[in-house]
Amino acid sequence: MERHENGWMVNDALWGGLLMLAVAAVALWGAAHGTGGQVSVWLFPRLAAVSLALCGLMLVGQGVRAHTRVRIWQDRMHALDVLGFAGAVVAYVALLRTLGFWLVTGLLLGGTAHALGGGAKPGRVWGWLAFGIALGLALDALFVGVFRVPLPGGALWGEGSWRPWVP
Amino acid sequence: MDPVVQGLLNVLSPQYLLLMAVGTVAGAIVGALPGFTATMGLTLLLPFTFVMDTTSSLVLMSALHSSAFFGDAVPAILVATPGTPSAVATVIEGHQLTRKGKAHHALLTALLASALGALMGGVSLLTLAEPLARLSLRFGPPEVFWVGVLGLTMMASLTGRSLVKGLAGTALGLLLSTVGVAHVENVVRYAFGLPQLQGGVDLVVALIGFFTIPQVLAMVERRREERYVAEYREQRGALREVFRETLTKPLLLLRAGVVGIIVGIVPAIGGPVAALMAYNEAWRASKKKEEFGKGSIEGLIAPELANNAVGPADMIPTLTLGIPGSAPAAVIMAALLLHGVKPGAGLFTGASAIMTYTYIWSYVVSGFVMFVIGYFLIRLLAQVIRIPVSLLAPLVFTLAVIGSFAVRNNLFDVWMMLGFGFLGYGLRKLGFESGPIVLGLLLGPIIEPALVTSLTLAEARGSWLHVFVLRPFSLAFILLTVWSLVRGLRGWSLMQRTAVEAEDD
């Protein structure tokens, strides 16, 4: 990725092609080392992988010849917004089992509303978190209580056994 | 009783009318929300349809599908930003009318045109689907294989900017479809020792990941863009004037409807192209060309009507041949498959026929439901577009988590959904669209058994040529496949390029 006046630029054909070649290589390796069955079991994955590899080669060729670049992010702030949110959602899923759906949802909703919503005043963060947790509890009650989706209640709180809406 | 009549009576029952009302409200909100698409709405709804019977799920989805194309006109008219790519042409005249203080008038016109579009598209589905489905009775495994290949190449050549990237996306989707126990024999492929992968890549998880997360990340990325929401004030007598202006232009309505239906029937072209083509046609035939670009009512009616006719017409190849005409149609086809219903002639015979016609009629009736509910909903929709990204993005992500968790009640699926989402976002940045990947994943389990059976047939007959090529339908599908590839290689029409650029913006 290169930084230019009008943003972070990348040779899309070259990198896209290399990515496709890498996936095709893994698929062909898997087909070569796959066990059991007749030839026909691995025929279709091989065909798909070879097609993918051909597309990858064509894209790499295009990328090397044309040197065209596309903008990935406009500037550092845009990149930070996306990477920050991506990090938050990864943490959300990682903590889902331990903290429970209602709490991680509350933290994400409140935290994002504060961080992305321009709620810069320090005192406001607690308001946003309270709002987020209230919304998280409402969603938990709706989906667990009404739709019977057994969302994690949080190992820390005894799987949320205190929730009256848990069937 | 005749299934066509029974289907109509079903749709008019309070149970289905209520479902349609719920779907219409949800669809209109989905369409109006910035960055939200009909595909996202349908995808997030999909896991919750498991607790419903097939007919109810389809009726709910059809109402959401239809009304999302009206909802998208609201930000197009008030903010000059299309709610979904299909509203790209609505911005041109719709926002000009807003600047003249006629926002309410423009919104009512869009509503009436949308309702008429849904009605016309629904009638086309009602009349054309069964004859086309009867053709599919004559398909053997080779034809099924070629029709699948045709669907993939059309999606690859008509979506996004690069044919090679589209083809790579379909190949990637086909590869993903081979993960888990093989469709043709009891052998596990590409599970990499993970027991969770033995059941394969769950379609719903992949759909949510590829269609929702990239869009959420794009929403976050664009949150700093300044948006000016125009003042919305209701005008007395506007509805009567809108009726008079619209219904006195039967040729304009017919032309736009036909454009929408034709574009819908051809797989993978979609709403943005239909809307731009209809706008262009309206301009070409208009006696008031000078009004175009300055708030022309004709220029607003045509694209809104056409993009709403596309939705039901998209379902013609989906229901009859199993080729989804667009991303929303792919989600609806996934819903059918997940409920154990296979597209094709079987949908129009026996017990399935009543379900199918109830679903088809729901598109026709959705036009009326949309108009009645939309009339009262406009004021709310004008407020909905003000919801900030900082609230919307985490809320949509949370719904994506619930949807992917609900499929098999495990966290592995949530991780997989997130992985597909990040992959989809990264690939989109490199110019690869999610549509071809998802279509490959959807059609892989149909194409692979057809290919293997055809190969067995060819071996038994001792001739590949006779099995794969020298059959009338196979030959026709091969020629269409070659045509779609050549079309893709020859580059793009101005219309398609504009539509793709509009989607990017």
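Quick notes on this one:
- Shielding by partners for peptide B:96-104, expressed as the average number of C-beta atoms from other protein chains within 10 Å of each residue's C-beta, is 0.
- Distance in nm between pseudo-label sites at B:Trp483 and A:Leu83 (7 Å out along the Cβ direction from Cα): 4.9 nm
- Peptide B:172-182 has a mean shielding of 5, counted as Cβ atoms of other protein chains within 10 Å of each residue's Cβ.
- Virtual spin-label span in nm between B:Asn409 and A:Val166, 7 Å along Cα→Cβ: 1.3 nm
- Counted charge near A:Trp29, where neighbours are those whose Cβ lies closer than 14 Å (Asp, Glu -1; Lys, Arg +1): +2
- Cα-based convex hull volume of segment B:168-222 per residue, rounded to whole Å³: 102 Å³
- Using the average count of surrounding beta-carbon atoms within 10 Å as a protection proxy, the listed peptides A:43-56, B:334-347 rank, highest first, as A:43-56, B:334-347.
- Cleavage-rule hits, GluC sites (Glu not before Pro), segment B:164-225, DSSP coil, Cβ neighbours within 10 Å at most 11: B:Glu225
- Selection from B:Ala32, B:Ile437, B:Val469, by position along the positive dipole direction of chain B (Cβ): B:Ala32
- Candidate lysines - alpha carbon under 26 Å from B:Lys165, same-chain residues fewer than 8 apart omitted: B:Lys429
- A:Val149 long-range amide H proximity, modeled H, under 5 Å: A:Val144
- Taking other residues whose beta carbon is less than 14 angstrom from the beta carbon of B:Leu167, and scoring Lys, Arg as +1 and Asp, Glu as -1, yields +2.
- Spin-label model distance (nm) - B:Lys342 vs A:Val125, 7 Å beyond Cα toward Cβ: 5.8 nm
- Ranked packing of B:49-56, A:28-35, B:371-378, B:311-318, most packed first, by mean Cβ within 10 Å: B:311-318, B:371-378, B:49-56, A:28-35
- Taken residue by residue and averaged, Cβ atoms of other chains lying within 10 Å of the Cβ of A:48-61 number 5.
- Of the residues A:Trp102, A:Trp15, A:Trp42, the one that moves most in a GNM of chain A with alpha-carbon contacts below 10 Å is A:Trp42.
- Burial ranking of peptide ranges B:23-33, B:475-485 (average Cβ count within 10 Å, highest at the top): B:23-33, B:475-485
Any read-out appearing in this document is the output of simple, stated calculations on the displayed coordinates, not a laboratory observation. Note that the structure is a prediction, hence the values are computed from the model and not measured. Positions of Cβ are backbone-derived with ideal geometry, glycine not excepted, and every protein chain shown enters the neighbour counts.
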